[in-house]
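To start, the structure itself, in structure tokens.
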Amino acid sequence: METISKIQINSLNKSYGTLPILDNISIVANRGEFVSLVGPSGCGKSTLFNILAGLETADSGEFRYDNQPFQPQPGKIAYMLQRDALLPWRSALDNAALGLELAGTPRKIAREHAHTYFEIFGLKGFEKSFPWQMSGGMRQRLALLRTFLTEREVMLLDEPFGALDALTRAGLQEWLAEMQAKLRRTILFITHDIEEALLLSERIYIFSHRPAAIREVQEVLIPKPRSVSDSGLVELKARLLSILKPEAEYA
Amino acid sequence: METISKIQINSLNKSYGTLPILDNISIVANRGEFVSLVGPSGCGKSTLFNILAGLETADSGEFRYDNQPFQPQPGKIAYMLQRDALLPWRSALDNAALGLELAGTPRKIAREHAHTYFEIFGLKGFEKSFPWQMSGGMRQRLALLRTFLTEREVMLLDEPFGALDALTRAGLQEWLAEMQAKLRRTILFITHDIEEALLLSERIYIFSHRPAAIREVQEVLIPKPRSVSDSGLVELKARLLSILKPEAEYA
Amino acid sequence: ACSDSTATPAKSGEAATKVPVETLSLALDWVPNTNHTGIYVALAKGWYAEEGIDLKILPYSEAATPESLIASGKAELGIGAAEGIVSAAAAGQSLVSIAAIIQKDTSALVTLKNSGLTSPKMLVGKKYAGFGASYEEPVINSMIKFDGGNGTFENITANVFGYEAVLNKQADFVWIFEGWDEIEAKLRGIDLNVIPITKYGVPDRYTPLIETSADVISKKSDALKRFMKATVRGYEYSITNPKDAADLLINSNPAGTFSNKELVYKSQDYLSPKYKEGATQWGSQTLKMWTDYPRFMFQAGILKDADNKPLTKELDYNKLFSNEFLPKN
Amino acid sequence: MPKFLKIYLPPVLLVIALFAIWQIYVDVSAISSSVLPSPTKIARALVNALPEIWDNTLVTLLETLIGFTVALILGFLFAMLLDNSLLAKRAIYPLLVASQTIPLVAIAPLLIVWFGFDLLPKIIIVWLVCFFPITVGGVDGFAGVDPDAAKIFRALGASKRQIFWKLRLPTALPSLFSGIRIAITYSVAGAILGEYAGAQKGLGRLISLYARSFNRELVFAVVFVTAVFSLLLFGLVSLVQWRIMPWYYQMRQFKK
Amino acid sequence: MPKFLKIYLPPVLLVIALFAIWQIYVDVSAISSSVLPSPTKIARALVNALPEIWDNTLVTLLETLIGFTVALILGFLFAMLLDNSLLAKRAIYPLLVASQTIPLVAIAPLLIVWFGFDLLPKIIIVWLVCFFPITVGGVDGFAGVDPDAAKIFRALGASKRQIFWKLRLPTALPSLFSGIRIAITYSVAGAILGEYAGAQKGLGRLISLYARSFNRELVFAVVFVTAVFSLLLFGLVSLVQWRIMPWYYQMRQFKK
Ligand SMILES: Nc1ncnc2c1ncn2[C@@H]1O[C@H](COP(=O)(O)OP(=O)(O)OP(=O)(O)O)[C@@H](O)[C@H]1O
Ligand SMILES: Nc1ncnc2c1ncn2[C@@H]1O[C@H](COP(=O)(O)OP(=O)(O)OP(=O)(O)O)[C@@H](O)[C@H]1O
Ligand SMILES: Cc1ncc(C[n+]2csc(CCO)c2C)c(N)n1
Ligand SMILES: [Mg+2]
Ligand SMILES: [Mg+2]
């Protein structure tokens, strides 16, 4: 696997008013890599994504894309927000097809294309449902599908599986891994599930409490596809958990 | 521990139009028990809670509360919805105090009382923040706090920890368990995390895919407080996972 | 007759006799102008108060005509025209003229000089900016016919600016009082063709006049007499002191009512001699005048009853007017 | 009870009740017709004058529709402009408000002096009446865009144009239609006001004519006709709204 | 540039520019003053007639404020009523709309015949003008409640009263204020329309008086005064809104 730095962040800082959020964050993701970000709730992960997607501005920091200096701007990178923000006036199918439509694909074709994924995403039969007629997990899957169909080289996914049960989640994790292997997309991924991060990532950044600084970078060299029972993975999981969670038992 | 049936559902059915959602669901939770519901995304868990909370009506079924026949009606049972639905015009503190206020507590006292929990919930310093100034996880914690402060004998929690990292989650799980032991509240809990269910529950209901039927009822007799490394728990987890997730590895 | 009025003495200290004060409201036909001078003079001089009359001049209303205000009891008195009284009578509303403000008709149709429209027959197909009375159309049509024109004109109901519409060439002709509107135009340096109404077959009539209703007459005849006594004094004073009277008119109204005081003076000079020209007493009316015009209207078939059908029976002309409220001298 | 009855019966019954009370009041109090005519008298007058009224209604409707259409187009464009440029919004919005504070009765005669007695001044008044609510409805609507949805669109690389058509416009529709419904409500009365100041034809002229000839019944009859046509237009707009954004109604209906 | 300049400079500059163009146009075209007087002439007329105008302004403002206040209270109560009962909404809403379609010029004379030349008929017209936007704003606002938030309240056992004060009202505020802003915009013009029909005092009476006496400059001057006072009232309402719901503005500002 050639390692071309696809996207790189150096010494990023950000605060809201007097509240410091991001403290000297540096991150790199090579082409085709899957990079996870793990950290306490409220530390600044979503803020980092917002900045990368060009939706908010950093106070300081340097960005590189394909090894070229670059100023984050909307549209360059696909982004799945933590809140689904589906459009209430669009059916599930139309919501999914939104990215394609915006990229100029004629509506009919965009819908047809989007429809091919409804089975995999467990949304079959709900093509015509409106967002408010769907369960929390279904909405999340729909939002993921919409992001995926945007077809950008880099994707930011903010807790895409947070509302899914283990089975549904496993299916989509698998699909995501396969898809990435095939298309060589670069994915930045926020999750609270260490196991999920370990199963999918080439590299895991562990953030400190707010203001988020990078506490630990963990390369995961175990060959893919991985299994939760891989001994290397189990070991790493124990290590990371011990960093994150001093004690997993109740006193 | 005396076992008084606190809340009981018998042969509940519900469909949306022609889409059957709940198929002959029967559930029981005794006083002071913690009961978890686990099932595939979109199967009907939230719908069940809506019915119990009196927000939607069942097509058929029987309910008992304290062993008396009862018709679910709003206000009887505390309910934390899957979507936080915080009020955008209220600060974090005022959002948290809402339940108390509605119960008639004077605003000032309600706020003071709510404030004592901000530390535990990791919201200290954000008392005056508005919902849109908070991270996804912080909002979720705030919604949980609001529900808890409502002080009902029965609480319905719909994925209260879905957006939280392991550490924050563990802290709140612990707090929830202690709180419940002390106050003997009866809790119905939707989660996608089997381990979490096992750590906290007296009983776990496993739902089938939509229309949701009960596939399995698992009593968890391991004495509390429990630890993820308790051998009984590890065993049960493996059993339940095997039911839920035929294969946890990628082919 | 005035038993219902309270016994409070007149405010004016000059009131010698202790007559009970009666409130009367008078509705104007137009914003204040020299047609109304005598009334404003009598009011300003306290002559109504002397008679135990508390006269309220109602503000001119764009919306409610004096006739409708009298009919609904909101006013006892109004400024009107013979045409109005006759058409109201035809429609079954009993209005009574109790004084002619000017003895001879001074109203006319006017066009812009350079329009070349100098006689009624030329008005066929032209735009008329009316003031919204139902009699305008039949009267003008009869003039056109009399003049040998065949056809009709375009009747526009302009509630507000009929006269200005003509000056700005948005309409071709309008019906005005020479003593006011025409002088106004002259002062502005605008030349008009004047087509007097009476020159084209329409019999002379009293316009403007003071009107009231049969109902008021039956209930407040004494008050009406006292009102008329003061009013006559007012107009007599205006006849002999045009300049003074004009000033009283000006000062009785809000600043800006008369944008050009010169107009008031000029107009007053023109009207003062005309108020009672050819009559023994200001305000008096003759049955002849009250017969010729209504009969003409009736015969032309332009009087309409309440259901908008042509009237089939002549009116009782004696009921249209009354001189009995004028002071006997 | 069938749905349409549920919707239409209550107001119809209420109207009938009100008319009945009115009739009885007039009959009992023997109030003069020139102060308050009874519904039956009004109805009779209406029937008698129907051809005349119908003739004039058409003129008024024409003015209304032209003025409204122009207001719709311009109001929409203005809302877009104001939404796109903060400077334009700051500069123009106060003037828009100011334009509405001008008493129409004061400018109606001016319009006549400037534009004569034809349709133009009436159309201008209808436009003036309709333009503001439509623009405000649009501006408020555009401002109500869900910030997260806007993020999504920008993140998806949507062009300004796409954001407009696929996000801002659908979001703005409910509010825009509120404005349009207000506008159409006032539009006919606007045309009548214009005619009242001076017109050859139209319901406004009839009102002024009838009012001056002590024909209170016919005034009421014309007012009634005005209300009926306004309501018809209002209903039409509501229908269009319902066709354009069914999701809006469905959502509300379900989630109540 | 300080914030308040950023906000107030653009409209002020625009107004100045418009007046300048107007002045130049009048000077160059030598158009008659009776068709379009120049701003300087209007200003001079205004200054001369100031005491008179001020006197009448007070009357108009009094009518406006009373009518508006009554409309505010009744509009609010009505919105609550309509929101609480589907039957009431169905029965009354169409009549409310109908009430607005009635041309005021037609009923102004009736009001005078019924209630005379005092303040009452003007107050009624102001009320009629303001009542509808406030009620509609309220009803639309109440209808916009987030269904999930409503679920939360019901689940928390909130009483109808509590749901109203703590959920429906705060949700409705933006829309309610939209309605109030529209109402206040039209309120002064409403009072003037009422006075125009017939009044002892007030700006509307001045307009009618000045208009009939060919005093175009003063007509414009009074219209100008009307606009200024309307805008002041509008500003006042906006200020109150800003004080009552700061969160609304903060959120929008931040998340844009
Ligand atoms: N208002 C509605 N109208 C029609 N269908 C609905 C409605 N609400 C929910 N559904 C359907 O009911 C089913 C169950 O939804 P529910 O929200 O109960 O699922 P859930 O078990 O909570 O899923 P998740 O874990 O994803 O939250 C879904 O298929 C959904 O599409
Ligand atoms: N618009 C804003 N104004 C002020 N503070 C904000 C704003 N948005 C976010 N914050 C604050 O920034 C911090 C980081 O928020 P962020 O959403 O990035 O957290 P996160 O790491 O994504 O958390 P979570 O895992 O809970 O989603 C939080 O403390 C939050 O309160
Ligand atoms: C100053 C002044 N100008 C015009 C009219 C309108 N007007 C009403 S009756 C009539 C003549 C017919 O009798 C005219 C011209 C008026 N009343 N006062
Ligand atoms: Mg986040
Ligand atoms: Mg759910």
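The values are calculated or read from the model by the stated rules, or taken from the named source; none is laboratory data. Since the structure is predicted, the reported quantities are computational estimates derived from the model, not experimental observations. Quick reminder, even Gly has a Cβ in these numbers, built from the backbone with ideal geometry, and neighbours come from all protein chains shown. The accessibility values were calculated without ligands, DNA or RNA, using every heavy atom of the protein model including side chains. Shrake-Rupley method; radii C 1.70, N 1.55, O 1.52, S 1.80 Å.
Figures for the structure shown
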{"quantity": "Filtered residue count, segment E:81-99, keeping only those that are within 8 Å of chain D (Cβ to nearest Cβ) and surrounded by fewer than 21 Cβ atoms within 10 Å (Cβ to Cβ)", "calculated": "8"}
{"quantity": "Residue that is least open to solvent (accessible area, probe 1.4 Å) [pool: residues in segment B:145-169 that are within 16 Å of ligand 2 (Cβ to nearest atom) and over 16 Å from B:HIS192 (Cβ atoms)]", "calculated": "B:LEU145"}
{"quantity": "Residue match in segment E:102-125 (condition: open to solvent by 20 Å² or more (accessible area, probe 1.4 Å), within 12 Å of chain B (Cβ to nearest Cβ), part of a helix (DSSP H, G or I) and in contact with a Pro (Cβ under 7 Å, 6 or more places away or on another chain))", "calculated": "no"}
{"quantity": "Unique residue being among the β-branched types (Val, Ile, Thr), under 17 Å from D:GLU217 (Cα atoms) and in contact (Cβ under 8 Å) with a residue 40 or more places away in the chain when the list is D:ILE31, D:ILE42", "calculated": "D:ILE42"}
{"quantity": "Test result for D:VAL145, touching a Ser or Thr at 6+ places or on another chain (Cβ under 7 Å) and at pLDDT 90 or above", "calculated": "no"}
{"quantity": "Criterion: farther than 16 Å from C:LYS104 by Cβ and either touching a Lys or Arg at 6+ places or on another chain (Cβ under 7 Å) or open to solvent by 40 Å² or more (accessible area, probe 1.4 Å) (or both) - qualifying residue of C:ILE239, C:ILE250", "calculated": "C:ILE250"}
{"quantity": "Members of segment D:203-213 found to be among the hydrophobic types (A, V, I, L, M, F, W, C) and buried (at least 24 other Cβ atoms within 10 Å of the Cβ), listed by number", "calculated": "D:LEU203, D:LEU206, D:ILE207, D:ALA211"}
{"quantity": "Subset tally (residues that are over 30 Å from E:TYR196 (Cα atoms) and among the aromatic types (Phe, Trp, Tyr)) for segment C:106-152", "calculated": "1"}
{"quantity": "Within segment D:145-202, considering residues that are within 30 Å of D:LEU61 (Cα to Cα) and charged (D, E, K, R), the one least open to solvent (accessible area, probe 1.4 Å)", "calculated": "D:GLU195"}
{"quantity": "Residues of segment A:74-103 satisfying the condition of being more than 9 Å from chain D (Cβ to nearest Cβ) and surrounded by fewer than 22 Cβ atoms within 10 Å (Cβ to Cβ)", "calculated": "A:LEU93, A:ASP94"}
{"quantity": "Residues (open to solvent by less than 20 Å² (accessible area, probe 1.4 Å) and within 11 Å of chain C (Cβ to nearest Cβ)) located in segment D:36-52", "calculated": "D:ALA45, D:ALA49"}
{"quantity": "Out of A:ASN50, A:ASN13, A:ASN24, sole residue that is within 14 Å of chain B (Cβ to nearest Cβ), modelled with pLDDT of 90 or more and more than 16 Å from ligand 3 (Cβ to nearest atom)", "calculated": "A:ASN50"}
{"quantity": "Positions within segment B:29-40 being touching a helix residue (DSSP H, G or I) at 6+ places or on another chain (Cβ under 8 Å) and more than 8 Å from every other protein chain (Cβ to nearest Cβ), in sequence order", "calculated": "B:GLY32, B:PHE34, B:SER36, B:LEU37"}
{"quantity": "Residue match in segment B:3-10 (condition: away from every other protein chain (no Cβ under 11 Å), among the small types (Gly, Ala, Ser) and open to solvent by less than 60 Å² (accessible area, probe 1.4 Å))", "calculated": "yes"}
{"quantity": "Complete set of residues in segment D:8-26 that are open to solvent by less than 40 Å² (accessible area, probe 1.4 Å) and either touching a Cys at 6+ places or on another chain (Cβ under 7 Å) or within 12 Å of chain E (Cβ to nearest Cβ) (or both)", "calculated": "D:PRO10, D:PRO11"}
{"quantity": "Sole exception among (1) out of contact with any helix residue (DSSP H, G or I) (no Cβ under 6 Å at 6 or more places or on another chain); (2) within 13 Å of chain D (Cβ to nearest Cβ); (3) part of a loop (DSSP other than H, G, I, E, B); (4) within 16 Å of ligand 4 (Cβ to nearest atom) for A:CYS43, by number", "calculated": "(2)"}
{"quantity": "Strands (runs of 3 or more DSSP E) fully within segment C:31-129 counting 2 or more residues that are open to solvent by 10 Å² or more (accessible area, probe 1.4 Å)", "calculated": "C:53-58"}
{"quantity": "Residues that are of a type outside the set (Ser, Thr, Tyr) and within 16 Å of ligand 5 (Cβ to nearest atom), drawn from segment B:16-26", "calculated": "B:LEU19, B:ILE21, B:LEU22, B:ILE25"}
{"quantity": "Matching residues in segment C:143-183 - criterion: being assigned to a loop (DSSP other than H, G, I, E, B), at the interface with chain D (Cβ under 9 Å from one of its Cβ atoms) and touching a residue at least 12 places away in the same chain (Cβ under 8 Å)", "calculated": "C:ALA158, C:ASN159, C:VAL160, C:PHE161, C:LYS169, C:GLN170, C:ALA171"}
{"quantity": "Test result for A:LEU55, surrounded by 18 or more Cβ atoms within 10 Å (Cβ to Cβ), more than 8 Å from every other protein chain (Cβ to nearest Cβ) and not polar (S, T, N, Q)", "calculated": "no"}
{"quantity": "Yes/no for B:ASN30 being away from ligand 1 (no atom under 16 Å from the Cβ) and in contact (Cβ under 8 Å) with a residue 12 or more places away in the chain", "calculated": "yes"}
{"quantity": "Which numbered condition D:ASP55 fails, given (1) charged (D, E, K, R); (2) open to solvent by 30 Å² or more (accessible area, probe 1.4 Å); (3) touching a helix residue (DSSP H, G or I) at 6+ places or on another chain (Cβ under 9 Å)", "calculated": "(3)"}
{"quantity": "Single residue of E:ARG168, E:ARG161, E:ARG154 found to be free of Cβ contacts under 8 Å to residues at least 12 places away in the same chain, more than 25 Å from D:ALA98 (Cα to Cα) and more than 10 Å from every other protein chain (Cβ to nearest Cβ)", "calculated": "E:ARG161"}
{"quantity": "Candidates E:ALA183, E:ALA221, E:ALA199, E:ALA211, filtered to the one that is modelled with pLDDT of 90 or more, over 19 Å from the mean Cα position of the chain (by Cα) and of a type outside the set (Val, Ile, Thr)", "calculated": "E:ALA221"}
{"quantity": "Subset of segment C:273-297 [without any contact (Cβ under 8 Å) to a residue 60 or more places away in the chain and open to solvent by less than 50 Å² (accessible area, probe 1.4 Å)]", "calculated": "C:GLN281, C:THR291"}
{"quantity": "Where a residue in segment D:225-243 is on the phi < 0 side of the Ramachandran plot and crowded, with 21+ Cβ neighbours inside 10 Å and its partner, wherever it lies, is in a helix (DSSP H, G or I) and among the aromatic types (Phe, Trp, Tyr), with Cβ under 6 Å and at least six apart", "calculated": "none"}
{"quantity": "So C:VAL124, is it under 30 Å from D:ILE107 (Cβ atoms) and among the hydrophobic types (A, V, I, L, M, F, W, C)", "calculated": "no"}
